[in-house]
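Following: one structure in structure tokens, then a few remarks.
Read the figures in this text as sums done on the coordinates, not as results from a lab. Only a predicted model underlies this, so the values are computations on that prediction, with no experimental measurement involved. A quick note on method: Cβ atoms are made from the backbone with ideal geometry, for glycine too, and the neighbour counts reach across all protein chains shown.
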Amino acid sequence: MTEGGRPAAGGVQSIERAFGLLESMADAGGLVGLSRLAASSGLPLPTIHRLIRTLVALGYVRQEPSREYALGPRLIRLGDSASSLIGVWAKPYLARLVDVVGESANLAMLDGGEVVYVAQAPGRHAMRMFTEVGRRVSPHCTAVGKALLARMDDAQVTDLLSRTDLVQHTEHTLTDPGAYLRELARVRERGYATDDGELELGVRCVAVALDGGPGRTALSLSGPSTRMTDDLVDRAVPHLRTAASGLVAELDQAGVGE
């Protein structure tokens, strides 16, 4: 959209507005009221109501008993197809990370209030980490989740966490929202996130978020804590950043960036 609210050259305004509302809902964690959509989109309430009614009729949005609106089930098929395509593009970058670092490399996306793994390249070692593609985990206990939520402001994170079960998987899991926000501040400062036995004991991960690309996406490396030392993490971060930049550039060139 242009600054005056007009569609970009060749664009259809109602389509751009509808997709803008869907993206605003995704940014809010997938559940939002009309007043918040009005505040985030700048559109008048009658326009939002008309667009939302159409999206509900098509199955892309559903209305909850609370009268808030949630992303609908028809988006799942589109999301699954898009995730699979991104996973295909990511495979060479994941393979190169494994070649350089030796540990398992993953691509994950934020889907509502969960992190979903969409691609993986297994590490070279006999004892290695394996994350099933399609697995969903809470963002509070994973490096990819921290990397992704660090791209959001504290108000968005707090809202998302309020709708997340902060399960304590291990003694190291952060379950206090205040402590988690302080951890995200450290992630923003250093530009990468770690998970040290917070989901599974004996497992350590390091992740960076893609600066651009479709949705909220992150790359990570994971392995046993005995091998994922501080030195290895320091060595891995530049390679993760290079892979993330290369993948974003390729996706932008293919027209699937943000």
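Taking every alpha-carbon pair in region 187-246 and binning the separations at 5 Å intervals from zero gives 4, 19, 29, 24, 16, 7, 2 percent.
Take each peptide in 216-226, 166-176, count the other Cβ atoms within 10 Å of every residue, and average; sorted highest first, the result is 216-226, 166-176.
With an 8 Å cut-off on Cα pairs and a minimum separation of 6 or more residues, tell me the relative contact order of the chain in percent. Let's see the in-between values first.
Numbers: 431 pairs, mean separation 37.4, N = 258.
Once normalised by length, the contact order is 15 percent.
Under 4 °C and 1.567 mPa s, how fast does the chain diffuse according to Stokes-Einstein, given a Kirkwood radius computed over C-alpha pairs? Answer in µm²/s, whole number. Please list the in-between numbers first.
Values: Rh = 19.2 Å.
Rounded to a whole number, D works out at 67 µm²/s.
Phi angles across region 34-42 convert, under the Karplus curve 6.51 cos²θ - 1.76 cosθ + 1.60 with θ = phi - 60°, into 3J(HN,Hα) values of 4, 5, 5, 4, 5, 5, 7, 9, x Hz, Gly and Pro given as x. Ordering 134-145, 37-48 by mean Cβ neighbour count within 10 Å, with the highest value first, yields 134-145, 37-48.
Anisotropy class assigned to region 13-72 is rounded, per the alpha carbon gyration tensor with a/c under the 1.5 cut-off. GNM on the chain, alpha-carbon springs under 10 angstrom: the most fluctuating residue among 25, 152, 228 is 152.
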